[in-house]
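Below is one structure; the comments refer to it alone.
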Amino acid sequence: MMSLAQVEDHVRKAVELGVKEFYFTGGEPFLHPQIEQMLSAALAVGPVTVLTNATRFTPERVAALARLRDASPYSLELRTSLDGFSSETNDPIRGWGSFQRILHGIRLLLEGGFLPIITAMRSWPVDQDEAQLAGFRNLLAAMGYRYPRMKLLPSLKLGQEVRRDRGYAEHEYLTESMMAGFDPGHLMCSSGRIVSARGVHVCPILVDWPDSYLGASLHEGQAQYTLRHQACLTCYQFGALCANASSSAPSLEQTRRHGRDPS
Amino acid sequence: MTGQTRIGLFGGVYSNALALRALLQDAGMRGLDRLYCLGDLGAFGPYPDRVCEVLRATGIPVIQGNYDHSLGNGLADCRCGYTDPRDNYFAKLSYDYTFSRTSTGHKCWLAQLPAELRLTIGPWRVLLCHGSPRKTNEFLWETATSDAFLAWLFKRYECDVIVATHTGLPWAREVTVQAGCQAHAAQADGVPRSGWFVNCGAIGRPANDGRTTVIYAVLSLPHTMLRKPEVKFVRLAYDHERFAGEMRAEGLPEEFVQTILTGWWTTCNEILPAKERARGRY
Ligand SMILES: [Fe+2]
C-alpha cells in the first residue's frame, strides 16, 4: 500500500511535469485509511477520478467526499463498476451479492449529489450496446439517477476473463504494419503513468509485468513504451480504456469516408 | 497612458448564420480592432454554406476545427470524441446532413485552413487554436484542466495567451508559469510570468446554462507588460426563434431545436466532467 507521504510526493512531481489530471485505482482505494487526505492533496492541484467498487460507502464517507468536491475548483469523478443490470448478470463477474452492495453505494452517492460514472465491461457483442445500455439506464433511473453517466469498457482477455470468455490467441499482437499511420496519442500510455508503492509503471493494466516498471520517480518514467503486450491490442482497438469521456479525443487521421460523395 | 488592442474571439459557429451576423454587428459597435474565428463552422444547424459565405466575404482569419478538418478531408465523422451511442447517433445525423449540404468549394476552403495562428500583439505572444495547442479535438474543460497542465502548455508552446473553443463552454484562467524553465523563462527581474488561457465559448449554440444567448470573448491586450490582459465574455442575443424555425424546416432533430430554444444541452452531455454536467439540466 502507498503511504500518504508517497502519494503527496508523487503529486508534487506530477505537477512539476505538467500533469493534467489524476486517477486513483486499486485494489479498492477506499480501503486505504488515509484516502481522503490523498484525494485532498490531488484535488488541490488538479481534477481527480476514483475507480471504486462502491461497496465501502457510508453516509459519513460520502459527506466527507462531498466536502472535498465542493472545496476544489476541479471535478471529482467517482467511477463505479457494475457489470450487469441484474444480480444474474453482474454477480458472476463481480462476485456473489455484489449487485445489491453496489446499488447501495450508488444510492448513497446520488444522495450526496454525485453523478457517478457507471462503468460496465462489455460482456456482450458490440452490436448489443444500445439494448444493454437501455437496461442499465432503466435500472439507474428507477433509483433516481435520471440521466445516468455510463462508460463501456471492452473486456481485456486477462485474469478472470480468460476463464469467463477467452484469453488472447497466440497471434493477437500489435504488428508494425498496424502501427503505421496510427496516432499513439490515442493511448493512455503516451501521456499517462501509474505510480504504485513499488514505483512508476507504464499503465494500470500491465502493472504486474516486470518490464512495465519504469523507475522510482515520475521524472524517470517518461520514456516511450513499446506496445509489446497482448493487452495493448485492446487499447489499440478501443482507445484509451481508462480515461474518462471528458478526456478522450479520437485520432483525426482515421476513418476516411467511403463511397460516393453525396454532395 | 499606453494603449491596448481589443480582439474579438469566437468559435463553434455550428452553421448559426444568424448568430454570426449578430456577432459582426456587435463587434462593429464595440469598435474591436480585429476578429478571429477559432473553427467548427458546421454541425448542429441548417444551411452550412451560409456561414462559410459570410466568413469568406469578411476575410476574418479562420482556424480549422475538427469539424472543418473532417468535412474538408472527407472523413466519415466529426472526430468529436463522443463515446456514447446516443451522442454518436446525433453526431452522425448532423455530420451527414452538413456533409451533404456543404458545397465542394467550401470544403476545399475548409481543408486548407490552418490548425493554429500565432500573433504578437504588443508584448504578448498569443496562440489561437481549436481544442488545445497539441491537438485540435482535445477537450480542455474548466474543471478538468489543472493549472500545472496549462503552465506546461505555455512553456511548451512558448506563448503568454492561449485561446481555444472546442468544448463550447467559456472560461478563462490566469496561471503562474514557473520560473526556471528554458523556453518560457522568468522575466529579467526573476518574477515568474503568468499565462492566460481562454475558452471563448461558442456562438452556434447556448452554453448549457438555461439562457438562449450565445457567447464570444473580447480580449484586451495592453501594449505594456505592466498591465494584465483582460477577458470579457459577451452574451449575444440573436433571433434564436427564427433559427429554430430554420432547423425544423430542414428536418434537423427536435433535440437540437430544444437546445436553441431553452439554452440546455440535450445531447452530447456524456463528454462533460462532473461539475459541468451538474450545472446542466440533462
Ligand atoms: Fe470542435
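Every read-out reported here was derived from the displayed coordinates using simple, explicitly stated rules and does not represent laboratory data. Quick caveat, the model's predicted, so the values are computed rather than measured. Every residue, glycine as well, gets a Cβ built from its backbone with ideal geometry; the counts of neighbours run over all protein chains shown.
With springs only between Cα atoms under 10 Å, which of A:I102, A:I35, A:I194 fluctuates most in a Gaussian network model of chain A?
Checking each option, the largest mean-square fluctuation is seen for A:I35.
Could you work out [θ]222 nm for chain A from helices alone, using -39500 (n - 2.57) per DSSP H run of at least four and dividing by all its residues? Round to the nearest 500 deg cm²/dmol.
Taking each H run of at least 4 residues, the total per residue is -10000 deg cm²/dmol.
How large is the Kirkwood hydrodynamic radius of chain A, in angstrom, based on all distinct alpha carbon pairs?
Details: mean 1/r = 0.0500 Å⁻¹.
Averaging 1/r across every pair of different Cα atoms and inverting gives 20.0 Å.
So what is log10(I(q)/I(0)) for region B:1-65 at q = 0.16 1/Å, when the Debye sum runs over its Cα atoms only?
Listed by q, the Debye log ratios stand at -0.51.
Under 1.5 on a/c is rounded, so check that first for region A:1-153, then, if it is not, pick prolate when a/b is larger than b/c and oblate when it is not; a ≥ b ≥ c are the square roots of the alpha carbon gyration tensor eigenvalues. Before the final figure, lay out the partial values.
Details: a/c = 1.91, a/b = 1.77, b/c = 1.08.
Verdict is prolate for region A:1-153.
Can you compute the helix-only [θ] at 222 nm over chain B? Use -39500 (n - 2.57) per DSSP H run of at least 4 residues, normalise by all residues, nearest 500 deg cm²/dmol.
On the way: 9 runs with 92 residues, N = 282.
Dividing the helical sum by the residues of chain B leaves -9500 deg cm²/dmol.
Computed on alpha carbon atoms, what radius of gyration and Dmax characterise region A:67-143, expressed in Å?
For region A:67-143, the Cα radius of gyration and maximum Cα-Cα distance read 13.8, 42 Å.
Which lysines have a Cα less than 21 Å from the Cα of B:K275, not counting those fewer than 8 places away in the same chain?
The qualifying lysines are A:K20, A:K151.
For region B:199-215, just list the computed ³J(HN,Hα) in residue order, Karplus coefficients 6.51, -1.76 and 1.60, θ = phi - 60°, integers in Hz, with x standing in for Gly and Pro.
Rounded to whole hertz, the list is 9, 7, x, 9, 9, x, 8, x, 9, 6, 10, x, 10, 8, 6, 10, 10.
Which whole number gives the average count of other chain Cβ atoms within 10 Å of the Cβ atoms across peptide A:38-48?
On the way: counts 0, 0, 0, 0, 1, 0, 0, 4, 6, 10, 1.
Taking all residues of A:38-48 together, the mean is 2.
What is the average number of partner chain Cβ atoms found within 10 Å of a Cβ in B:25-37? Working shown, then result.
Values: counts 0, 0, 0, 0, 0, 0, 0, 0, 0, 0, 0, 0, 0.
Per-residue shielding by partner chains comes out at 0.
Taking N as the number of residues in region B:188-246, what value does Rg over Cα atoms divided by 2.2 N^0.38 Å take?
Details: Rg = 17.0 Å, N = 59, 2.2 N^0.38 = 10.4 Å.
Dividing the Cα radius of gyration by 2.2 N^0.38 Å gives 1.64.
Using Cα positions and a limit of under 27 Å, work out the lysines in reach of B:K107, with same-chain residues fewer than 8 apart set aside.
B:K92, B:K135
With all distinct Cα pairs included, what does the Kirkwood hydrodynamic radius of region B:1-139 come out to in Å, to one decimal, could you say?
On the way: mean 1/r = 0.0635 Å⁻¹.
For region B:1-139, inverting the mean 1/r across all distinct Cα pairs yields 15.7 Å.
In whole percent, what relative contact order does chain A give with Cα contacts below 8 Å and a gap of six or more residues? Display every interim value, and only then the final one.
Working: 330 pairs, mean separation 36.8, N = 263.
Once divided by the residue count of chain A, the mean separation gives 14 percent.
Taking A:K13 as the anchor, which lysines have their alpha carbon closer than 21 Å to its alpha carbon, excluding any fewer than eight residues away along the same chain?
Candidates past the 8-residue exclusion: B:K155.
Among A:84-93, B:62-71, B:166-175, how do they line up from the highest to the lowest mean number of other beta-carbon atoms within 10 Å?
Numbers: A:84-93: 16.4, B:62-71: 26.9, B:166-175: 21.2.
Order by mean packing, descending: B:62-71, B:166-175, A:84-93.
Once the principal axes of the Cα atoms of the protein assembly as shown are found, what is the range along each, listed largest first in whole angstroms?
Between the extreme Cα coordinates on each principal axis of the protein assembly as shown lie 66, 61, 51 Å.
For peptide A:10-23, how many partner chain Cβ atoms fall within 10 Å of a residue's Cβ, on average?
On the way: counts 0, 1, 0, 0, 2, 7, 4, 3, 12, 4, 11, 6, 1, 0.
Mean shielding count: 4.
Taking springs between alpha-carbon atoms closer than 10 angstrom, which of B:W265, B:W141, B:W109 fluctuates most in the Gaussian network model of chain B?
It is B:W109.
Could you order peptides A:42-52, B:41-51, B:232-242 by the average number of other Cβ atoms within 10 Å of their residues, highest first? It would help to have the intermediate numbers written out before the result.
Details: A:42-52: 23.0, B:41-51: 25.1, B:232-242: 15.6.
Descending packing order for the listed peptides: B:41-51, A:42-52, B:232-242.
If you take the square roots of the eigenvalues of the alpha-carbon gyration tensor of chain B and sort them as a ≥ b ≥ c, do you get rounded (a/c under 1.5), prolate (a/b over b/c) or oblate? The partial results should precede the final answer.
Working: a/c = 1.76, a/b = 1.58, b/c = 1.11.
Prolate, since a/c reaches 1.5 and a/b exceeds b/c.
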